[in-house]
Amino acid sequence: MTVIKQDDMISSIADALQYISYYHPKDFIQAVDQAYQREQNPAAKDALVQILTNSRMCAYGHRPICQDTGIVSVFLKVGMNVQWDADMSVEDMVNEGVRRAYLHPDNKLRASILADPDGARKNTGDNTPAMITYEIVPGNTIEIYLAAKGGGSEAKTKFAMLNPSDSVVDWVLEQVPIMGAGWCPPGVLGIGIGGTADKAMAMAKKALLEPIDIQALTARGATNRAEELRIELYEKVNQLGIGAQGLGGLTTVLDVKVMDCPTHAANKAIAIIPNCAATRWVKFSLDGSGPAVLEPPKLEDWPDVSYEAGDNVKRVDLQNITKDDVKSWQPGDVLLLNGKMLTGRDAAHKRMVDILNKGEKLPVDLQGRFIYYVGPVDPMGDEAVGPAGPTTATRMDKFTHQVLEQGLMGMIGKAERGPAAIEAIKKFESVYLMAVGGAAYLVSKAIKKSEVIAFPELGMEAVYEFEVEDMPVTVAVDSRGESVHKTGPQIWAKKIKEENIKIV
Ligand code: SF4
């Protein structure tokens, strides 16, 4: 009989969450490096080197890979011979581990969980609760799969109840372009097929908690339908040409994981859950001998790359930009931003638009300014700000017309813009710039000063003023409304087809 102590369980969860906040899994780094080596689109290659550089900086500096430090998912496989030396419930122990990890004094992680999701949406303050799934299995250990899942990738989850004769491959290839770039590709697709609706979703999430091994699978060949699908979808999804950050390119997925299970004769449930550039998960077990010890990876495992802006970049002084400067920028241009910008994301935009709808004056003047969609991690030590990568711009589309009407000159975020935002950008001859999702610590090094200037009660969602030096961004929608997220994938899908490029 194994006895698991309460403190061992709590400290193992806390340590593991800290660990995955700054260490990418080794297989993930190797797969991104391979994608970087083979990439032919300079814009996608630039995004990949930023992701790799950021990853290494985080591993060295023990700071979060992404400003979105995720919602915690825990899969517990509890051996039937395990007993607990505990006065807390297992759920309470897990949540105490989450609390300790996210409030860790040396590496405080961003608390992103809001209670009352369709009401007050109040931050729980410590990133609890975790989403926990239990399995009771033979044995005398506890196996714990732990993930911290970014909201941007979780938002791109897809589900359908297909007809039994419908093609899974066709459906996945329809859905992936609709998912856009908000899930910060390249990453891994988890696919669950069969069971019931809820089981398909659970399998899609669980499928992500295995190392990347598509090359090994392709080399040995499939032995069942799920493996056949993995190989076929890996090839066909990459042929879509979506590429890193949706800029167009050779690698959209680093692997495709498929789990299936028996289902009703009338059903074929299917779910896709993507894992993003900030793929964070770990597996460990407890056997009663003490807390889990996770070996730190070797820093030589990270490729020796560093991000340097190329020769053709334009340095921009945010305080002295004219409309003509903005109009001269072309989609795909790389800019290095200098000077002061505002920040604001979902809650701040909602507040601003509510104020404008009441005919009142905004607490911050948007005339001639740029706004960065970000919710940063709190700073540590001498940092001006913690990791501060972009959040998905698409969520701000419905507010865009009204804020541009106030004289806002441009926006910075990640992923594509929808038709309403692009129309507004054209109308006001504005611009949308893209920073790399999953390169948050690297971006934060360009931020030299940070000050809250409106809505302080919104915490990480407040409006800040950042002062930046050489912050790298790419022109994603120009003042005429041309979007790299439309043209890039079209160009690269055509190129992959015409040149019969194989992504292995
Ligand atoms: S990499 Fe992108 S999707 Fe993933 S956590 Fe960061 S911002 Fe969210």
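Filtering the range 138-157 down to residues that are part of a strand (DSSP E or B) and away from the ligand (no atom under 15 Å from the Cβ), which residue is surrounded by the most Cβ atoms within 10 Å (Cβ to Cβ)? Explain how you work it out, then say what you get.
Of the residues in the range 138-157, the ones part of a strand (DSSP E or B) are 142-149.
From what's left, away from the ligand (no atom under 15 Å from the Cβ): 142-146.
Values: 142: 24, 143: 16, 144: 22, 145: 20, 146: 27.
Looking at the filtered set, the residue picked out is 146.
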>> Against the definition (within 15 Å of the ligand (Cβ to nearest atom), buried (at least 23 other Cβ atoms within 10 Å of the Cβ) and either on the phi < 0 side of the Ramachandran plot or not aromatic (Phe, Trp, Tyr) (or both)), how does residue 71 come out, yes or no?
In response: no
> So which residues in the range 191-233 are buried (at least 22 other Cβ atoms within 10 Å of the Cβ) and either over 24 Å from residue 503 (Cβ atoms) or not hydrophobic (A, V, I, L, M, F, W, C) (or both)?
Replying inline: 192, 200, 203, 205, 230
>> It is to be established whether one or more residues within the range 167-186 are outside any loop (DSSP other than H, G, I, E, B), within 15 Å of the chain's Cα centre (by Cα), within 16 Å of the ligand (Cβ to nearest atom) and touching a residue at least 40 places away in the same chain (Cβ under 8 Å).
In response: yes
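Give me the residue from the range 51-97 that is of a type in the set (Ser, Thr, Tyr) and more than 17 Å from residue 386 (Cα to Cα) and, out of that set, farthest from the chain's Cα centre (by Cα).
89
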>> Pairs please, first residue from the range 142-153 and on the phi < 0 side of the Ramachandran plot, second anywhere and away from the ligand (no atom under 11 Å from the Cβ) and not in a strand (DSSP E or B), Cβ atoms under 6 Å, 6+ apart in sequence or on different chains.
In response: 145/209; 146/16; 148/20
>> Out of 156, 122, I need the residue that is within 27 Å of residue 191 (Cα to Cα) and among the charged types (D, E, K, R). Which one?
In response: 156
> What do you reckon, is residue 177 closer than 24 Å to residue 150 by Cβ and at pLDDT 95 or above?
Replying inline: yes
>> Taking the condition of being under 25 Å from residue 60 (Cβ atoms), in contact (Cβ under 8 Å) with a residue 60 or more places away in the chain and surrounded by fewer than 18 Cβ atoms within 10 Å (Cβ to Cβ), how many residues in the range 77-106 meet it?
In response: 3
>> Looking at the range 107-137 only, could you name the residues that are on the phi > 0 side of the Ramachandran plot and either within 16 Å of the ligand (Cβ to nearest atom) or buried (at least 17 other Cβ atoms within 10 Å of the Cβ) (or both)?
In response: 127
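State yes or no: is residue 241 on the phi > 0 side of the Ramachandran plot, within 16 Å of the ligand (Cβ to nearest atom) and not β-branched (Val, Ile, Thr)?
No.
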>> Filter the range 187-196 down to the residues that are away from the ligand (no atom under 16 Å from the Cβ) and either in a loop (DSSP other than H, G, I, E, B) or within 23 Å of residue 246 (Cβ to Cβ) (or both) and list them by number.
In response: 191, 196
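What do you reckon, is residue 273 part of a strand (DSSP E or B) and either in contact with a Pro (Cβ under 9 Å, 6 or more places away or on another chain) or not small (Gly, Ala, Ser) (or both)?
Details: part of a strand (DSSP E or B): yes; either in contact with a Pro (Cβ under 9 Å, 6 or more places away or on another chain) or not small (Gly, Ala, Ser) (or both): yes.
Against the criterion (part of a strand (DSSP E or B) and either in contact with a Pro (Cβ under 9 Å, 6 or more places away or on another chain) or not small (Gly, Ala, Ser) (or both)), residue 273 qualifies.
To keep it simple, each residue is scored yes or no on (1) within 16 Å of the ligand (Cβ to nearest atom); (2) closer than 27 Å to residue 444 by Cα.
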{"site": "271", "(1), (2)": "no, no"}
{"site": "276", "(1), (2)": "yes, yes"}
{"site": "288", "(1), (2)": "no, no"}
{"site": "292", "(1), (2)": "no, no"}
{"site": "295", "(1), (2)": "no, no"}
{"site": "310", "(1), (2)": "no, yes"}
{"site": "317", "(1), (2)": "no, yes"}
{"site": "326", "(1), (2)": "no, yes"}
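Quick grid of which residues meet (1) among the β-branched types (Val, Ile, Thr); (2) touching a strand residue (DSSP E or B) at 6+ places or on another chain (Cβ under 9 Å); (3) over 25 Å from residue 109 (Cβ atoms):
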residue: 257; (1), (2), (3): no, yes, yes
residue: 261; (1), (2), (3): no, yes, yes
residue: 275; (1), (2), (3): no, yes, no
residue: 285; (1), (2), (3): no, yes, no
residue: 288; (1), (2), (3): no, yes, yes
residue: 293; (1), (2), (3): yes, yes, no
residue: 326; (1), (2), (3): yes, yes, yes
residue: 354; (1), (2), (3): no, no, yes
residue: 359; (1), (2), (3): no, no, yes
> Among the listed residues 429, 498, 482, 416, which satisfies the condition of being over 15 Å from residue 388 (Cβ atoms), modelled with pLDDT of 95 or more and within 16 Å of the ligand (Cβ to nearest atom)?
Replying inline: 416
> From the residues in the range 217-254 that are in a loop (DSSP other than H, G, I, E, B), hydrophobic (A, V, I, L, M, F, W, C) and in contact (Cβ under 8 Å) with a residue 12 or more places away in the chain, which one is farthest from residue 43 (Cα to Cα)?
Replying inline: 240
>> Are there helices (runs of 4 or more DSSP H) fully within the range 1-76 with at least 3 residues that are more than 30 Å from residue 500 (Cβ to Cβ) and touching a residue at least 12 places away in the same chain (Cβ under 8 Å)? List them.
In response: 6-22, 42-61
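The values are calculated or read from the model by the stated rules, or taken from the named source; none is laboratory data. Since the model is a prediction, treat every value here as computed from it, not as a measurement. Note: ideal-geometry Cβ built from the backbone for every residue, glycine included; neighbour counts use all protein chains shown.
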